[in-house]
Structures are given as structure tokens and as C-alpha cells.
1. Scan A:657, A:614 and give me the residue that is at pLDDT 95 or above, surrounded by fewer than 24 Cβ atoms within 10 Å (Cβ to Cβ), under 20 Å from the mean Cα position of the chain (by Cα) and more than 13 Å from every other protein chain (Cβ to nearest Cβ).
2. If the requirement is being more than 25 Å from residue A:481 (Cβ to Cβ), surrounded by 15 or more Cβ atoms within 10 Å (Cβ to Cβ) and within 14 Å of chain B (Cβ to nearest Cβ), which of these qualifies: A:624, A:571?
3. Any idea which residue in region B:55-76 is surrounded by the fewest Cβ atoms within 10 Å (Cβ to Cβ), counting only those that are within 23 Å of residue B:136 (Cβ to Cβ) and over 10 Å from the mean Cα position of the chain (by Cα)?
4. Does residue A:543 satisfy the criteria of being without any contact (Cβ under 8 Å) to a residue 24 or more places away in the chain and either surrounded by 15 or more Cβ atoms within 10 Å (Cβ to Cβ) or in a helix (DSSP H, G or I) (or both)?
5. I want to confirm something. Restricting to region A:189-209 and keeping residues that are in contact with a helix residue (DSSP H, G or I) (Cβ under 8 Å, 6 or more places away or on another chain), more than 30 Å from residue B:105 (Cβ to Cβ) and surrounded by 16 or more Cβ atoms within 10 Å (Cβ to Cβ), which single residue is nearest to the other protein chains (Cβ to nearest Cβ)?
6. Give region A:542-569 a look and list any residue that's touching a strand residue (DSSP E or B) at 6+ places or on another chain (Cβ under 7 Å) and closer than 30 Å to residue A:521 by Cβ, or say none.
7. State all residues of region A:651-669 that are in contact with a helix residue (DSSP H, G or I) (Cβ under 7 Å, 6 or more places away or on another chain) and within 16 Å of residue A:48 (Cα to Cα); if no residue qualifies, say none.
8. Within region A:703-721, is even one residue surrounded by fewer than 24 Cβ atoms within 10 Å (Cβ to Cβ) and either under 18 Å from residue A:380 (Cβ atoms) or in the same structural domain as residue A:623 (by TED's automatic domain parsing) (or both)?
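The values are calculated or read from the model by the stated rules, or taken from the named source; none is laboratory data. Quantities reported herein were computed from a predicted structural model and do not represent experimental measurements. Heads up, the Cβs are rebuilt from the backbone with ideal geometry, glycines too, and the neighbour counts pull from every protein chain shown.
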């Protein structure tokens, strides 16, 4: 697709107007998932397994059903049988079948006239379990004597003889590793581990579902992607896809964790049984125990480097657990681990492993931060041992347009070098450090995504513009869409209204995931606008009695394209709109596609921190994010993505982890113990927006949401190494771990 | 279990509700009074999304029982603007893009307002510690702190 931005000056794009939904969101008026209610609505609650792995021998709900106010109980017996593949996985995850597979796995659900009655009723449901041996660690789950989560879950890729918990196996690479390592002056080998983190969205999952005996239903929920919700719910419940209409609420954070379903099919199943709408809202501990945290990883890395800093070869083995189901994003980890660099000889091995943990879900650049932690930590160590500057060394190896990526294809225009140069030039890089302070640098990449996209624009009778898109606004994307529509039509930003359409209104849209919303829905909005502009020009041409081709659109007006077209006063969008009822009817534009011109985004981060030698606690002193946005549509929200991604990465690096006890139960299922960064943990997060336009978007946009969480894990670890003189290879770098490392240094 | 009759004042209006003794003030505000601006993010007083003031004191409404509001004055996010005039904090949050998803925003605004009423000229560090009880997962707090600082300055200049 032609890149318009090379030749075009922007009037609206790149400005920072107030977001269209700002007023609603600062007054408490915005309706989020749990804010929706229906007449006659019941409240649902879910009974969850206290065991990490147990056979379900019997479920007796007699006493619960006898409680006044209880209207329905569902178990797996209320769901259809015969599902296969991921449909079965989702069904099994939302309601356990023969076995409870992790602490928190749903085993039954109740609908009652109040939430308190529903919760009381859960205590009356009697479940008999036979507790089985469990495993929650990825390396232990691959060992010969590990308990088997489920036989037959492995796909064709797994070589014979491997443990049944290994469900996918992958190998990729190129070149001659042996020769590559032989050409190196220094070769390092090291193992690394990262623990599972949770997306930590502040809004727990919430939904209201209504499903009739006729198989027709409606669902209101907080989700990143309501067409995904529709597909999953209808598959799990045995319904026809389009008979369920899903309307998204405002969404209180997702970061990938709201691209799937946990409670929605259960609410619908309860509704079908009770013949009333049913609302379910998760508690925080349910969110942590039984939604979809990310994978934990165990990795072995080997890299070789010449004395002057050229990477000669690299190999990595990545073992990742994704809970009790296939799906750990190890394919992405293997793909992106070495993707920052131009390496001729490279090899990756990946294992997708099942454990007795909740089914992992996407979390911001799923799979990328773990690999980045391992590889960028080792790169830092190579630089340190060879006495090389970490930014210069990255510049020496950085990929650019035309470089053959470690995952295969040649890179289109990308901005890694630009981010490294901007980081190097930033004053932070040369700010003197005090005692116990350290500086870390790391780069990261996310390839971004296009995905199925459908959008409409419609012209109002007063010449204002209504945009309908299918990607929920999770961080200000209504503002981006309105800016792009304003730019395309040449109308003021305030004359555009952006609606998030429900599943009954547009064709299929993938979720707001893969950093795709501003890219894909934005592209679709611009292309739909172009179609509408063509119609506006046609109306003007008809009025003037000239050919439509002789009319151009400029700054909100139809004009004759030149002296040969004739002399006519320009017609504004409002003038054309005012007459459209009598000149051919409503004017709208549509666009549908799966755009594949998404351009990847590179970022480079610098962190300065101080480690308290008495406690091992790390305090972030300064933090810089440099990232390629292609073209920043609304720069304030681009900066916000950079800052938010960096801080989530800081949390993952320093504090956040899933802690399982010997009994396989999650030990920290509340925010007090699962500690996400708070305001007093942090300084301001400085940002530099690099703009290397993406030729695949009319205005040059690259997605910016995910890259930002990739560099912080290694950047923080590299800074701690700089501060304490010890290389830490296991995240998170909690005060006790860092203190032990300092003491061991002795 | 019989319900408790509560008479209280919410954003200046007298309201009455019947609540179960186990229901929190947050539940009562949302489900009995119909004000859903305060959010439940955790239910354990760790996230601050349910922040309201009770007789002028900043509290997590998930840690207060609905029955405890009897005879007291509750102020929520819905009471922050004066008619159609936004509080400077609300305006600055929009101007600075200090929210992404917006779920934590009501609680943070209520908490920040309580801070500025106590201390009209807080340092950045004081702001960060005061707001440490309000989790935001989207923004990394940078733009939130800038918005509060800017609002504080505007309010000082106006007074």
C-alpha cells in the first residue's frame, strides 16, 4: 500500500487533542464490565478446585439447589460433548471435566437472586476429589517421573519418547553453528529462568449473559475482542456463531489477558438453565488463580562474539509451560529471541510443556520478554567481558532494511538503529552513577499484527462523520481513529464520533491485540473514508453535471480538479450531506481486509537503578524508552504505551511472580502479595518517539503497544549486574534473591 | 438474614438503602444507590479503585461496611464535578492523557483530590507515596503524576 505520509503534510495527525471518551472516564460515567445490569438478572458464582490436580469423583448440588434464591447449578454435564482441539481446551478450562487440572479450576457454578446467596450456595455443593500428584515447574514437568497432566495432548511435532507433558516441539535455524562458534573470540553458555507474571489489569473479568432455549443469546462483557468471545462461547456451548450477539463494555485493561473467555460461557450456560440473564464478576483472587497468566520459562543460551563485537553464532533452547493445556508462546520466543541481530549461524529449539497451572493467555508481546531476558543478558555479559560498549555493540549487529531475519524473511524498513542512536545520544547514557548504582541497556522487538478487520464510516446529515470499528478502545484508540478520519476527510477532529460496534453490526474483527488496533482499524478507517469520499465527489459531480473523475477532495470540500473540469464553487461535506437524502441516499464507506503490511517495532531502553546493599531492594532512578512508532498518530498515547510497557516490564523483572506452594496452590492470589509497581516505586519514565514510517499503512503507523515490555527485563537485570557485580539469571530480582547474590559474592 | 436500613448522604443527597450486614459500602454504592463510578479491582484494599471519602476521610469503600455509612457523608467520583464544570484534576487528567483504560481513574481522582485538600503544594515524592495505594497498570504513573502536579499548580494560582 502506498505510503501517503512521504508526500503529505498532516493537519490533525501528530496533535494531542482530548480523547473523545475523556469526560465519561473522569466522571465515573463510563460503563465497564461490572457496571452493566439487566432486569430480572441473576448473579453467578463459580466453585473452584482447591487442588492442583485431582480426579473429580462426584459433584452433589442437592443442598445448594435447595437454598432459597438459587435458580440453577451447572457442571460440565451441562455443556455439549464431542469438541476437539482448542474448542475442547477452552471448554475444559472454563468447566473441568473428569479432572481438576490446577488450583482454581472451575468445577461447578451457581446462579442465584443475589451474589451473597450465590456465594453461600457454593459452600453447599459437595465435591469428592481423589487428589493426584501435581507439577507446576516447567523443568520438573519434563522429567521422566513427572505426573502426566493428560495423555494424548501432544501434537505431531513431538518426537517419540518424550514425556507426554511435552505437547509441542520446534526447531529452526540456519548456517553452521560449529563454524560460527569457532570464529568467535568469546563463547558464553548460560541458563536463565523467568517466572509467570499476570497481566494485572485492574478490572476483573465481568459479563452479563442471556441465552434462550431457542439458541439465541446476548452477552455484554469486558473484552479485547468480542468476535473472539462469540466464536469461543458458541463453540463451547454448541450454538451457531451469529445467534449470539456480543457487545463490549469499556475495558479496564487487558494486555492480552482479555482475548479469551473464562466466565462468559458459564454465565450463558447458567442463563440457559435458569431462563434469566446471569451476571458473573470475578474476584481478584479468581483472576490470579484462574484467568490466564503468562508462561514461565527455562532457557539455555549460547552465543559467540569476536573481540570487536560481532556476533558470530547463537543458539537457544526454550522450555515454556503454559498451564494444563498446549499453547505456551514458545513459537514466538524462538522466533524473536535473536531477532534484533544480523546472525548468519543461528539455531532455536522450543518445548511447549503442560503443568498444573492455569491455561496461559497472551500477555503483551507474548513470548518475547522471556527470550529477550536471556539473550540480552548474555549480550551484556559478552560486552562486559570483551570491554565493549553495549550500544555500540548492538549497533554493530543491528538488523536493518534488507537484513535476513533470524526467523527467515528479509526485514522491510525498521528502526532499531535509529532507536540505538537516539538512546546513545540521550544525556542519561552519560550521567555519572553513584555507589551501588548500575546502568542497563537492552533492545527488544515485536513484529506486530494485522488481522481480520472490518470498519464503516457514515456521513451524518450535518456533515459530521461517524466511524464504527470493532476493536475495543483499551488505551485511547478512539482518539487515534478520530484523528485519522479527520485527516482523511479534512474535517475537524471534534466532528468525528467513533463507536465500538457490536458483533451484530460489522463483519468479523480480531481483538485489540498484537498491537494492531491503530494500525489495522486505522487503516480500515482511512480506506473506508476514501470510499465515502469517492461517493461525496460523485454527488458533487452530479450536481455540477461533470464526470466524477473531474472532482477532487481537498480539506473537507469537493472541488473541480482543474480548469478543464469547469468553474464551480467548492462544495463542503456539510453541503453535500444536507442534500444526500434527495441526491441518492445515505453516504457511507466500508473496508474489510486482513492487512498484512504491519511493520514491526524495535525499542531500546536504558535504566539506572540503585541496589540497597542492606536489603537487596532495587530502586529505579532513571528510565528511558526509545521506540519506533512509524508515525505517532496521537503522541501522548504513544508515550503512554511506552511508559506502561516499561513499567510492566520493571514489575516482571523486580517483583512479580506466581508463587506455588508444595501443595500446588497459588500462595499470592491478592494484590498485596502479587506486587505490581506502585507510584512510589518509580521515577518519571522518559520517552523518545522514533518515526521510521511503515510503508504498509497509509500514514506510516506501526503498532506500539507490545514492544515496550520486552527490553525492561534484561535492561533491569543488566543494571543490577552493573550495580552489584553479580549476574542474576533468574527473575524476578526480588530483594531476598539480590541480597543472597550480594552475600554470595563475598 | 434480615437487612439493615441505612440513611446516609452521598454527594450531598440524602439516600436510603437496605443492605445485608456483609455488604460493603462499595457494594451498596454500586448496587443499592446505583453509582458505579467506584470500581472493585481487588476487594482487599490494595488497589484503590474503590476510593471514596467518608466524612472527608479517604477510604477504600471495599473495606467499609455499607451499614457503617449510617449518618455519614460519602463523596464519590460522581460528586467531583460541579454541574458541567469539571474539577481541575478531571480536566488535567484528560489534557495530559493521564488515563489509558480509565478503570483506576475514578479512584485516583478521588485520592488526588483528598491529597490536595490536605496539602495544596505536595512534592512529586509526596504525591507518589499518597497515590501508592492506587494501582494503575496502564500508564506507569508518569502522566498521572504530571496531571496532578499541573492541577495542583492551577488550583494554587486560582486560590
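1. A:657
2. A:624
3. Looking at residues that are within 23 Å of residue B:136 (Cβ to Cβ) and over 10 Å from the mean Cα position of the chain (by Cα), I get B:57.
4. No.
5. Looking at the filtered set, the residue picked out is A:194.
6. If the condition is that a residue be touching a strand residue (DSSP E or B) at 6+ places or on another chain (Cβ under 7 Å) and closer than 30 Å to residue A:521 by Cβ, then A:551, A:552, A:556, A:557, A:558, A:559 are the ones that fit.
7. Those that are in contact with a helix residue (DSSP H, G or I) (Cβ under 7 Å, 6 or more places away or on another chain) and within 16 Å of residue A:48 (Cα to Cα): A:666, A:669.
8. Checked region A:703-721: at least one residue is surrounded by fewer than 24 Cβ atoms within 10 Å (Cβ to Cβ) and either under 18 Å from residue A:380 (Cβ atoms) or in the same structural domain as residue A:623 (by TED's automatic domain parsing) (or both).
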